[in-house]
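What follows is a set of notes on a single structure, which appears directly below.
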Amino acid sequence: MAGTSLDWLRSQTVGIDVEVQLLDGTRRAHVNLDNASSTPTFKPVLDRVNEFLRFYSNVGRGTGFKSQIATHSYEEARCIVARFLNLDTANDTVIFTRNTTESLNRLAALYPFKPDSIVITTMMEHHSNDLPWRRRARVIHTGINPDGSLDLNDLESKLRQNRGKVALVTVAGASNVTGWVNPVHTIARMAHAHGARLVVDAAQTAPHRPIDMRPAADPEHIDFLAFSGHKTYAPFGIGVLAGDRNLLHAAEPCLVGGGVVDLVTCDTAIWRGLPDREEAGTPNIVGTVGLAAAIKVLESIGWDAIQQHEDTLTRYALARLNQIPRIRVYGKTSADDLSDRLGVIAFGLDGKSCQLGAAVLAYEAGIGARCGLFCAHPYVLSLLGVVGDELNRLTARARAGEPLGVAGLIRASIGAYNSLSDIDALCDCLEALVQDRHARYEPYMNAGDLRPAGIQPASLEECFRLNPDLKVH
């Protein structure tokens, strides 16, 4: 690899030089602060994928040269992921899926719940780590503290009250809204002490912090873990479910077809062992190659350097945002100690909608951010104080198919390739926004989104004119 610095990483970020035309007619390099949703990839990753495509073939039983290369690359990627997670390979396995959502749904389908089983999750979870469990077991939500952090005392209380019935405790490694980093190993010890297993949604953790699932005999062992490539600089449609091989092997496969059986007759099917039995059909071979390459890039930079760089950006962003009137940051606002906080920053604008804020950032500053409830509705509504009768009225409107009219937040999320100039662009625009120095906006297609008043949506032809590198096929 040609370099291992953060400056080198920024230069190697695919799309870092894409320009967008602003509302005033000027052009600016697009600033991506939407990394909590999806990250770009790096040139060494793209190069590795393109190199592999010359040898692309199906994996498994092919005896041809390309098939052997593909099979080796696919299984090598599994080994790289196992090392990335510090997986106990004697006990645990790595299963490739499409994304974190599929991984958690698959685990929910495979887990041997009893009729009275309970799953304890938290108020801060992404829907992917809440809704799948509701289909299989009774779900109890652990509360949060006023600052949005997880209430560990409430978790301990719920574990104690339901001892013997709690099958799983399932928690985000880090919040996709406020960036709070949860003490997953402490939670693992708590869960195991009460006879439960721990599931960690590591979608937000994997790109920012090292992961250590620890040996199976360790009281702080993570029993199951899921994450996505598209949030880890490998947007090629790949996900990971890692965990206890014997337990996952006990259930019938979720999907059946080619590759999951040792023998099929007209009367029976003999399933293969893991991970094969949970990877039916032709897998996303290219995605695994991309994920393995992205992991190698991150490891070449080093987690200490990544965390130090992101902490610097987060500290700077919090300092500037805290000085802008009418802006409220949710979650941890102090920058003194960022060991339990990622650079995922959600904030509200006093007197202005989150949709307006996100639109102004996009059209007038060329900044990609995100607004709304971030697929974590219970958490954001709780942070906003939408509870009790107000929450009941909101639920009734949703059931009736009426516009919700619910407020939301804006989220800016930092990646390892971002720079201080990206933070300045964000905060400079927000300073103008709260001073009402922005264009007039209007609803767009009744979707809740806003666009500059009187501006027609750009045609495809105009998009291609402004971005000549795009190709039409």
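The values are calculated or read from the model by the stated rules, or taken from the named source; none is laboratory data. Because the structure is predicted, anything quoted here is derived from the model rather than measured. Neighbour counts are summed over all protein chains in view; Cβ atoms, including those assigned to glycine, are modelled from backbone coordinates with ideal geometry. When the accessible area is computed, the model is the full protein with side chains, heavy atoms only, and any ligands, DNA or RNA have been set aside. Shrake-Rupley method; radii C 1.70, N 1.55, O 1.52, S 1.80 Å.
When we screen SER11, SER57, SER67, SER73 for residues that are touching a residue at least 24 places away in the same chain (Cβ under 8 Å) and among the hydroxyl-bearing types (Ser, Thr, Tyr), the only hit is SER73.
Among the residues of segment 1-21, the ones that are more than 21 Å from the chain's Cα centre (by Cα) and outside any helix (DSSP H, G or I) come to 11 in all.
Please work out if SER300 is hydroxyl-bearing (Ser, Thr, Tyr) and outside any helix (DSSP H, G or I). Can you show your working first?
On the way: hydroxyl-bearing (Ser, Thr, Tyr): yes; outside any helix (DSSP H, G or I): no.
For SER300, the condition - hydroxyl-bearing (Ser, Thr, Tyr) and outside any helix (DSSP H, G or I) - is not met.
Scoring GLU220 on the criteria (1) under 26 Å from PHE374 (Cβ atoms); (2) in contact with a His (Cβ under 6 Å, 6 or more places away or on another chain); (3) surrounded by fewer than 22 Cβ atoms within 10 Å (Cβ to Cβ) leaves a single failure, condition (1).
Within segment 22-70, the set of residues being buried (at least 17 other Cβ atoms within 10 Å of the Cβ) and assigned to a strand (DSSP E or B) comprises VAL31, ASN32, ASP34, PHE42.
Out of the residues in segment 141-172 that are free of Cβ contacts under 8 Å to residues at least 40 places away in the same chain and buried (at least 19 other Cβ atoms within 10 Å of the Cβ), state the one that is nearest to SER228 (Cα to Cα). In this case the residue turns out to be LEU150.
Annotation for segment 196-213: at least one member residue is among the charged types (D, E, K, R) and part of a strand (DSSP E or B).
In segment 406-427, how many residues are over 21 Å from GLY143 (Cα atoms) and assigned to a loop (DSSP other than H, G, I, E, B)? Selection size over segment 406-427: 8.
Search segment 100-120 for residues that are aromatic (Phe, Trp, Tyr) and pair each with any residue that is open to solvent by 30 Å² or more (accessible area, probe 1.4 Å) when their beta-carbon atoms are under 6 Å apart and the residues are at least 6 apart or on different chains. So the pair list comes out as PHE113/ARG136.
Any residue that is over 29 Å from GLY415 (Cβ atoms) and more than 18 Å from the chain's Cα centre (by Cα) - is there at least one of those in segment 44-56?
From segment 44-56, those over 29 Å from GLY415 (Cβ atoms) are 54-55; that's our starting set.
With the extra rule that they be more than 18 Å from the chain's Cα centre (by Cα), the set shrinks to 54-55.
The answer is yes; a qualifying residue exists.
Can you name the residue in segment 71-109 that is more than 25 Å from ALA217 (Cα to Cα) and in a loop (DSSP other than H, G, I, E, B) and, of all such residues, is least open to solvent (accessible area, probe 1.4 Å)? Applying the filter and picking the extreme gives ASN99.
Restricting segment 122-140 to residues that are within 22 Å of ILE410 (Cα to Cα) and among the hydrophobic types (A, V, I, L, M, F, W, C), the residue that is most open to solvent (accessible area, probe 1.4 Å) is MET123.
Of the residues in segment 242-265, at least one is modelled with pLDDT of 95 or more, assigned to a strand (DSSP E or B) and open to solvent by less than 10 Å² (accessible area, probe 1.4 Å).
The single condition among (1) in contact (Cβ under 8 Å) with a residue 60 or more places away in the chain; (2) open to solvent by 10 Å² or more (accessible area, probe 1.4 Å); (3) more than 20 Å from VAL81 (Cα to Cα) that GLU299 does not satisfy is (3). Selection of strands (runs of 3 or more DSSP E) fully inside segment 303-405 by the criterion of at least 1 residues being surrounded by fewer than 21 Cβ atoms within 10 Å (Cβ to Cβ) and β-branched (Val, Ile, Thr) returns 327-330.
Being assigned to a helix (DSSP H, G or I) and open to solvent by less than 40 Å² (accessible area, probe 1.4 Å) narrows it down to one of ALA234, ALA191, so name that one. Let's see the steps before the verdict.
Values: ALA234 fails: assigned to a helix (DSSP H, G or I).
None of the others qualify; the one that does is ALA191.
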